[in-house]
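Remarks on the structure that follows.
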Amino acid sequence: MNIKEILNTLPHRYPFILVDRVLDLTPNKNIKALKNVSINEQFFTGHFPHHPVMPGVLIIEALAQAAGILSFKSMDTLPDKNSLYYFVGIDNCRFKNPVLPGDALILEVKIDRVRGGVWKYQAIAKVDDKVCAEATLLCALRKV
């Protein structure tokens, strides 16, 4: 999927869209996506000026956005103005290596289970095959 297809699938917009391309997707199973990390990202201005590092919370958000794409494709639907796909939990989150400007952040998300409208995923973010972050994510589609 290219960025146009991603923007049709997620409600997020600049500066908060954190998935640039979907490299592989198997509905009801997994997704592999890409976030190109650029020095032009707004958050690098203050995090940290002397040594820019992508905030961990944004790495996790990028994984959650990849999970959202996977879920919408698995449900064969698109978001609408009457619902939102909420991030409802994070468990076992660990940060192992920093993500720096110029990195190609690979987002790998696998569906663990779906129960009661809550999706549970195993998520890993990598740069050059080194794990940068990993977590168990929980998301749910809810009416607004």
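Bear in mind these aren't lab numbers, they're just calculated from the coordinates by the rules spelled out. Given the structure is predicted, the values throughout are model-derived calculations rather than measurements. Neighbour counts run over all protein chains shown; Cβ positions are idealised from the backbone, glycine included.
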Per the helix-only model, the chain has a calculated mean residue ellipticity at 222 nm (DSSP H runs of ≥4, -39500 (n - 2.57) each, divided over all residues, rounded to the nearest 500) of -6000 deg cm²/dmol
If one compares the long axis through the Cα atoms of helix 56-75 with the longest principal axis of the Cα atoms of the chain, the angle in degrees, nearest 10, works out at 30
Order of Arg21, Arg142, Arg115 under a 10 Å beta carbon neighbour criterion, fewest first
Arg115, Arg142, Arg21
Could you list Ile69, Ile90 in order of exposure, starting from the residue whose Cβ has the fewest other Cβ atoms within 10 Å?
Ile90, Ile69
Just how many % of Cα pairs in segment 1-125 lie over 18 Å apart, if you round to the nearest whole percent?
52
Relative packing of 6-16, 122-132, which averages over residues the other C-beta atoms within 10 Å, highest first:
122-132, 6-16
So which of Lys4/Lys32; Lys81/Lys126; Lys29/Lys81; Lys35/Lys81; Lys29/Lys120; Lys32/Lys81 end up more than 22 Å apart, counting from Cα to Cα?
Lys81/Lys126; Lys29/Lys81; Lys35/Lys81; Lys32/Lys81
Positive end of the dipole of the chain, charges at C-beta (+1 Lys, Arg; -1 Asp, Glu), about the Cα centre: which of Leu78, Val131, Phe44 has its Cα farthest in that direction?
Leu78
